[in-house]
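Here you go, one structure.
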Amino acid sequence: ATVSHPVSSPGVTVRSLIAIFEASAEEFQGRSAMNLPALNVTVQQMLEALEAVAGPAVRARVKFQRDERVAGIVANWPKGAKALRAPRLGLQPDANFQDVIRQYIDDCKAAGLEKTALKGL
């Protein structure tokens, strides 16, 4: 619950990839790899953001059931990340996890998925 993981919304990820693709070698600083900007958040922070955006009834729908296979995968994920070079290209992470949730809701509405992906909101 206290371990954070880097996360990024699809919008920030796509904008970052486009900016990197369009950057000159000089702007990119000649290296072949770069961490994209991300938020380092815990599951607890994600749930607090969900409740703030969608309400306690939606938050209450989240149940925890340990799956050893998934736990083994997550145990190997980075515990956090820094993107020190990304700001030089104008790349910034999402402001907060609430914005990530709002983007998901907006994307679902734009795709007409209110009755499926947003059921209960």
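The values are calculated or read from the model by the stated rules, or taken from the named source; none is laboratory data. Not measured: the values here are computed from a predicted model. Counting neighbours? That spans all protein chains shown, and the Cβs are built from the backbone with ideal geometry, glycine included. What goes into the accessible areas is simple: the full protein's heavy atoms, side chains included, and nothing from ligands, DNA or RNA. Shrake-Rupley method; radii C 1.70, N 1.55, O 1.52, S 1.80 Å.
Looking only at the stretch 1-16, filter to residues that are part of a loop (DSSP other than H, G, I, E, B) and modelled with pLDDT of 90 or more; which one of those is farthest from residue 80 (Cα to Cα)?
Step one: filter the stretch 1-16 for residues part of a loop (DSSP other than H, G, I, E, B), giving 1-4, 8-9.
Cutting the leftovers down to modelled with pLDDT of 90 or more gives us 8-9.
Numbers: 8: 12, 9: 16 Å.
Going through the qualifying residues, I end up with 9.
Residues being within 9 Å of the chain's Cα centre (by Cα) and among the polar types (S, T, N, Q): count how many of those fall in the stretch 1-23.
3
Also, I was wondering about something else. Considering only the stretch 90-107, state which residues are in a helix (DSSP H, G or I) and surrounded by fewer than 14 Cβ atoms within 10 Å (Cβ to Cβ).
Once the filter is applied, which keeps residues that are in a helix (DSSP H, G or I) and surrounded by fewer than 14 Cβ atoms within 10 Å (Cβ to Cβ), the stretch 90-107 yields only 106.
Can you tell me which residues in the stretch 67-89 are among the charged types (D, E, K, R) and open to solvent by 60 Å² or more (accessible area, probe 1.4 Å)?
The answer is 67, 68, 69, 79, 82, 88.
Here's another thing I want to ask about it. Please go through the stretch 32-65 and give me each residue that is more than 14 Å from residue 102 (Cβ to Cβ), assigned to a helix (DSSP H, G or I) and open to solvent by less than 40 Å² (accessible area, probe 1.4 Å), ordered by number.
Pass one, the stretch 32-65, residues more than 14 Å from residue 102 (Cβ to Cβ): 32-38, 40-45, 47-48, 56-57, 59-65.
Pick out the ones that are also assigned to a helix (DSSP H, G or I) and you get 43-45, 47-48, 56-57, 59-60.
Matches in the stretch 32-65: 47 only.
If you check residue 81 against the conditions, is it touching a residue at least 40 places away in the same chain (Cβ under 8 Å), farther than 13 Å from residue 10 by Cα and assigned to a loop (DSSP other than H, G, I, E, B)?
Against the criterion (touching a residue at least 40 places away in the same chain (Cβ under 8 Å), farther than 13 Å from residue 10 by Cα and assigned to a loop (DSSP other than H, G, I, E, B)), residue 81 qualifies.
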